[in-house]
Amino acid sequence: MLADSVAAALRAAISEGEYMPGQQLNEVRASERFDCSRNTLRESFAMLAAERIVERISHRGVFIATPDEDFVRDLYLARAAIEPAAARYGTFPDPGELVSLTESAVLSDAPRPLLNQRFHQKLVAGLGSPTLDRTMSHLLARMRLTFLLTLERYPQIHDNHVQPNIELAHLIAQGERDAAADACRADLMRAMDSILRVL
């Protein structure tokens, strides 16, 4: 279905930081960019609104969501249900890949936010569920909006998660799955508290 593809493309653009919280989406420009009719675009907007990624404001248009406390709490509680389960039960044929990915946040010039998102996406992919993969892509788009909104007041937001991600990847690689799940949940709860303090 074309509307699903357009929604996925919009989600990816948001995850890559191409849109800012509160930014209005121009229907004409967006339909040109994503090569679709305005009706298809409106269907995509409806999907993204259900995911709390965009907001429809009556008589004004469609805007990228601006995270508030409820948005952040809901986002992190959802992640805290899925990601520790992935750390405990996920199947990783080469867990060393997780270690390399997390350590690349220290060693490479790639942007830390994207490496962080790739790690969390790969973590959930270990559960082998297309439904959870889709859910995680929705959550990652919301995560990116949260980071963009809080970055100015919390500039170390990405740096603070590099070492916990490395430690989590090592725990998984060493087969210490219960400890990995506990560490994953604890780090997510710390992140939520830190973000709520600066909102």
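Among A13, A169, A85, the largest mean-square fluctuation in a Gaussian network model of the chain, built with springs joining Cα atoms closer than 10 Å, belongs to A13. Of the GluC sites (Glu not before Pro) found in the range 1-38, those that fall in a DSSP loop while having at most 14 other beta-carbon atoms within 10 Å are E16, E18.
The calculated FRET efficiency for the pair D159 and Q24, based on their C-beta separation and a Förster distance of 41 Å, comes to about 0.85.
Label sites at H59 and R33, each approximated as a point 7 angstrom past Cα along Cα to Cβ, lie 2.7 nm apart.
Considering only G175, G126, G17, the Gaussian network model of the chain with Cα springs below 10 Å gives its largest mean-square fluctuation to G175. The spacing between the range 100-133 and the range 154-199, judged by their C-alpha centroids, is 13 Å.
Tell me the per residue accessible area of the range 69-197 using a 1.4 Å probe; a whole number in Å² is fine.
On the way: 6020 Å² over 129 residues.
I get 47 Å² per residue for the range 69-197.
Loop-resident trypsin sites (Lys or Arg not before Pro) (DSSP state other than H, G, I, E or B) in the range 1-83 with no more than 16 further Cβ atoms inside 10 Å of their Cβ: R60.
Of the trypsin sites (Lys or Arg not before Pro) in the range 135-199, which ones lie in a loop per DSSP and count no more than 15 other C-beta atoms within 10 Å? Mind dumping the intermediate values first?
Working: sites: R142, R144, R153, R177, R185, R190, R197; in loops: R153.
Counting only loop positions with at most 15 other Cβ atoms within 10 Å, the trypsin sites (Lys or Arg not before Pro) in the range 135-199 are R153.
The long axis of helix 130-150 is offset from the longest Cα principal axis of the chain by roughly 80 degrees.
Carbon and sulfur: what percent of the chain's accessible surface (1.4 Å probe)? Walk me through the numbers on the way to the answer.
Details: 4910 of 9760 Å².
Percent of accessible area from carbon and sulfur atoms in the chain: 50.
To the nearest ten degrees, helix 177-198 and the longest principal axis of the Cα atoms of the chain are 50 degrees apart.
Computed from the C-beta positions of R197 and D74 and an R0 of 25 Å, the FRET efficiency is 0.90 to the nearest 0.05. Axis angle, to the nearest 10 degrees, between helix 38-50 and the longest C-alpha principal axis of the chain: 40 degrees. Note on the chain: with a GNM built from Cα contacts shorter than 10 Å, the maximum mean-square fluctuation among P95, P21, P155 falls on P155.
The values are calculated or read from the model by the stated rules, or taken from the named source; none is laboratory data. In this text the structure is predicted, and so the values were computed from the model without any measurement. Cβ coordinates were reconstructed from backbone atoms using ideal geometry, including for glycine residues, and neighbour counts include every protein chain displayed. Only protein heavy atoms, including side chains, enter the accessible area calculation; ligands, DNA and RNA are left aside. Shrake-Rupley method; radii C 1.70, N 1.55, O 1.52, S 1.80 Å.
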